[in-house]
Structures are given as structure tokens and as C-alpha cells.
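Any read-out appearing in this document is the output of simple, stated calculations on the displayed coordinates, not a laboratory observation. What you see is a predicted model, and the numbers here were worked out from it, not measured in a lab. Neighbour counts are summed over all protein chains in view; Cβ atoms, including those assigned to glycine, are modelled from backbone coordinates with ideal geometry.
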Ligand SMILES: Cc1cc2nc3c(=O)[nH]c(=O)nc-3n(C[C@H](O)[C@H](O)[C@H](O)COP(=O)(O)OP(=O)(O)OC[C@H]3O[C@@H](n4cnc5c(N)ncnc54)[C@H](O)[C@@H]3O)c2cc1C
């Protein structure tokens, strides 16, 4: 059987970026991915098809009570980045330190912002991030500007930004991973003619995701092999238990086993933990890399919510992933503790708004199209804190169960209030005061798109799963490179940190 130098399991932000980094090393690299290529088809941009879960896994998970739920998970080459909104933010400097929150302490990281800064630079360059530095007062120091200037706001977003500024807030363009088309002189277009971006696949390839950037880049090298539709079932070790030697996968109902000198797990924080738990053997009775008992614990998914701000003023924006309101990240006038981040999200389609606006639909002749044309969509994120009891478990068949109780909800509640007050003030400044209404909801246990923390890294093998190089403390050649390693979640979207970390760990594995 052919033996590889490195096997990478999973092709998302972590695995796809790591493959890109390692490809030029000449090492024989095998990438195993449970999904296939996401088909380019008309349904990519059909809101109803996407909302009905066409690209979501049909897999069901269970909560602590044993109740089934459908996780917001996408198994494709490129992982969840195929559907992501491409908002690529750095964690703030304070996120690497111990910080007190409404519900307790967010723990310190073993490495600091300065250790990640050069990798953030490289990740932003690789994923073609468009942004503007110096506007967001919470952004951490960077040695250079963004690789590309921020996308210009559409007129309505420019008005909202101006009205937010009048309130003393610091709205900034969301840093976006996007490969804009170039004209025949190689100049970038400043407009993106894509409306459905956040939460949709992008058949044009303009979205800089870990498939088109990472995996396609890696596959230019003859030493890299991608095998799709291979779900990793188990990682096998040698008899000493110190070395991972092979990966057993399911493919078309058959088991296949692949060997390598180094094995990297990049299945996303929940599936990575599940795979290691399923890989228990005589030497690792509680799961591979789990002598600490921490594997699968400290699951964080963020307190994420959608706030739809309806105003009498029309919002004809098409590409609305525009404004970040960072002002409450570290706290507020009436909160000594951090609240979180507020961002625009993609525009809700009229087809999907009926549920959200409920009884208001049809009142005064306002149909779904009216609401869609007047709503500004926001995504708010408050940090959740790592708790040992919030964890990933697997049953005898290997199915996933999440024990997860949200925490730090006071931060979420206050953040939502801040947004409502800010948008009420926008309406007052614009002379349409009193007309603003708010719809939306907080994401529940199925909203795992920001999952992280299940194999946290640290210096003490008794309290962490991985060392600071993301190598399992318990094994000599097993790494986890995705969002699993986060000791805390911060309150920004996780992908850029997973990408930057993959470049960091990739450098260590290169030689
Ligand atoms: C709609 C949506 C919008 C989002 N928007 C943003 C955003 O704007 N900004 C941001 O930073 N983040 C965003 N995210 C979150 C972002 O996509 C994730 O944080 C990121 O993809 C995590 O990377 P990862 O490598 O940890 O895992 P994933 O991207 O989930 O990759 C894991 C990979 O492993 C594969 N896999 C899983 N189990 C196995 C197995 N047993 N065997 C083989 N392969 C396996 C999966 O198919 C997948 O390819 C969004 C997510 C969604 C769903």
C-alpha cells in the first residue's frame, strides 16, 4: 500500500489552507474529504432551494436530551467556506488575554496576538481580503494595509454609515474575502455583480473560499492527491499508541485505509472531536489524544443572532455585506464587560421573510417584497465562554451528540439592544423616526457555523488536547488544524484565525 508523508482530513478553512501551504514542499500529501465538489447549478442562487437545505448535510445530531436536530453544516470540498460570507476578521489583541465577561472569564491563549500577526498578514493576502484599516478602533495592529481596498458602499449603506457616525460610532467596512474580476489591463473591478453571497455557494468562483484558493492551489502540484467522498471513520495508531499510522475511511459502502507519517485532522471543531473520540483504542480508551479528558469539551458556537431592522426608508442594496459596528466589542458606557460585534449580513430574500415578520406580513398592504426592500439585515455575535460541560460526544454508532447550554447571554441581550438603539437613532437622524421595527431570532443549537474549541491548545497536557503547535500532547505525529484549537472564541467570525493558524502550523510541518 502506498504510504503518504502527510494525510490531511478535511478541506475547510483549516485543511484547505494547510494543503495550500504544504503543497510546494514536495511531500506526498493525501487529502481525504467526506464531501464532493459542490455542483455548479442554477439552484446555487435559488434562495428557497438553499434555505431548504440543498447544500446542508442531511445528517442529524442529538442534543443533551437526545432530541434530534439538523446542524447547519456543509460537507463539500471547501467545507463550510463554500457557503460562508467571507467576512475575514482578526481576533482583537485582548482576545488572546484573560478577559472578564458577564458570565465569567474568557481564558488566556498560550500564544499572543503578536505571534499570530504575521500569519494573519499572509492569510489576508492569500484570501484576497478587501478592507480599510484605521477606521475600526478595536482592530489589532497590522504591519500593512489590507491587500485590496474595501468595496465601496452602495448608496443606502453609505447613508446608514454616515448616520451611525453622527452618533459617535465607528462603522467600518467588513473585511471581505473576494476575488473581483479584472479588466483586460489587470485592473480590479470595484463592484461585485453578485447578490447572493453570504450563505450561498458561488458558482463564479469570486468568493475566496478554501476550495478555490486552498485546494485548487494545492492540486497544481503533482505530489498532492485529493480523494473525495471519503468519510474518515477512525485514526489507527501503532501498538505503542504514540504514533498515528493510518486513517480508515468509508467510501461507497466499503472501508479503505490510508497510511502516512503525519496525520492532520481538519474536520471542523465538532467532527474533529468526534473522529478522535471514535478512534479510541486500547492505549487511548477515552478517545485519541484524550488523556486530559478535555477532548470534545469547551465547545463554543458564539451567541449569534439575526436582527432585521425594518424602516420606512427603502434599502435597495444588492450586496449588503457592508458595515461592521465594532464599538461594543470591549464593552459600552453601561457595560464594563465586552458585548460583541455587529455586522451586516446578506439580504434576506422576500421568499424567506414571511416567517421572520410573522403577523406584520400583509398589514397595511405590506407584502414580503415590501419588507425585503425596507429591511437592513444584521448578524450579531457575542462571545460564549468555554465550559467543560459543553461538549461533543459520540454514541456507539459514532453519531454526534452535543451537550450545549448557552452562556454569557447578558452580553448578547445588551448587544442587541445597542443595535436597536443605534438603528432607532439612524431613523431619527434621517427624519423617519418611530417607524423602525425589529425582527429576527437568536441561533439555537443547530447554528454551529462558528463552532470552535473542542481540542484547545495549551502548554499543560493535563488541561489541553494540543500543544502550542497544534500537535496532540499524547501522540508524536497527530495534529488538529481547524477551529478546534481555540481556547476562547472571541466575538469575531472564526475563519481567518483558522487560516492564519494553518499557515503557522504548515510552516512547522513543511520540512
Ligand atoms: C452560511 C455560513 C456563513 C459563514 N460566514 C462566515 C464568515 O463570513 N466569516 C467567517 O470567518 N466564518 C464564516 N462562517 C464559518 C466558517 O465557514 C467556519 O468557521 C470555517 O469554515 C471553519 O473551518 P474549519 O476548517 O474549522 O471547518 P470546515 O470549514 O467545516 O471544514 C471541515 C471539513 O472537513 C470535512 N469533514 C468533516 N468530517 C469529516 C470526516 N469524518 N472525514 C473526512 N472529511 C470530513 C468537511 O466536509 C469539511 O470539508 C460561515 C459559515 C456558514 C455555514
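Working from Cα positions, state the angle (0 to 90°, nearest 10) between the long axis of helix 269-278 and the longest principal axis of the chain.
Value to nearest ten degrees: 20.
What's the extension gain from residue 510 to residue 420 if we count 0.36 nm per residue and subtract their Cα-Cα distance?
27.5 nm
Given a Förster distance of 22 Å, report the FRET efficiency between residue 396 and residue 245 from their Cβ-Cβ distance, rounded to the nearest 0.05.
Working from the Cβ atoms, E equals 0.35.
Alpha carbon centre of the stretch 292-333 versus the stretch 273-290: separation in Å?
35
For the stretch 228-360, count all C-alpha to C-alpha pairs, find those more than 28 Å apart, and express that count as a whole percent of the total.
51
Using the count of nearby Cβ atoms within 10 Å as a rough guide to exposure, how do 2, 93 rank from fewest to most?
In increasing order of surrounding Cβ atoms, one gets 2, 93.
Using a 7 Å offset from the Cα along the Cα-to-Cβ direction at both residue 363 and residue 228, what is the distance between the two label points in nm, to one decimal?
With each label point 7 Å from Cα toward Cβ, the separation is 4.7 nm.
Give me the log10 of I(q) over I(0) for the stretch 1-121 at q = 0.14, 0.16, 0.18, 0.21 Å⁻¹, as the Debye formula computes it from C-alpha points; what are the numbers?
Results for the stretch 1-121 at q = 0.14, 0.16, 0.18, 0.21 Å⁻¹ read -0.96, -1.09, -1.14, -1.16.
Students often get this wrong: which residues of the stretch 68-109 have the backbone nitrogen under 19 Å from the point 7 angstrom along Cα-to-C-beta of residue 142?
Output list for this probe position: 85-96.
Using a cut-off of under 11 Å, list every residue of the stretch 447-489 whose amide N is near the label point 7 Å from the Cα of residue 238 along the Cα-to-beta-carbon line.
476-477
For the pair residue 432/residue 318, report the inter-label distance in nm, with labels modelled 7 Å from Cα in the Cβ direction.
2.1
Where q = 0.22, 0.26, 0.27 Å⁻¹, what log10 of I(q)/I(0) comes from the Debye formula for the stretch 395-448, counting one point per Cα?
Debye intensities relative to I(0), on a log10 scale: -0.91, -1.05, -1.08.
Binning every alpha carbon pair distance of the chain at 20 Å from zero, what are the percents per bin?
24, 58, 18, 1
If r is the Cβ-Cβ distance from residue 133 to residue 108 and R0 is 30 Å, what FRET efficiency results, to the nearest 0.05?
0.70
Report the extension gain between residue 2 and residue 468 in nm, rounded to one decimal, defined as 0.36 nm multiplied by the number of residues separating them, less their alpha carbon distance.
That works out to 164.7 nm of additional length.
On full extension of the chain, what length is gained from residue 354 through residue 219, given 0.36 nm per residue of separation minus the C-alpha to C-alpha distance?
44.2 nm
What is the distance in Å between the Cα centres of the stretch 449-474 and the stretch 363-419?
25
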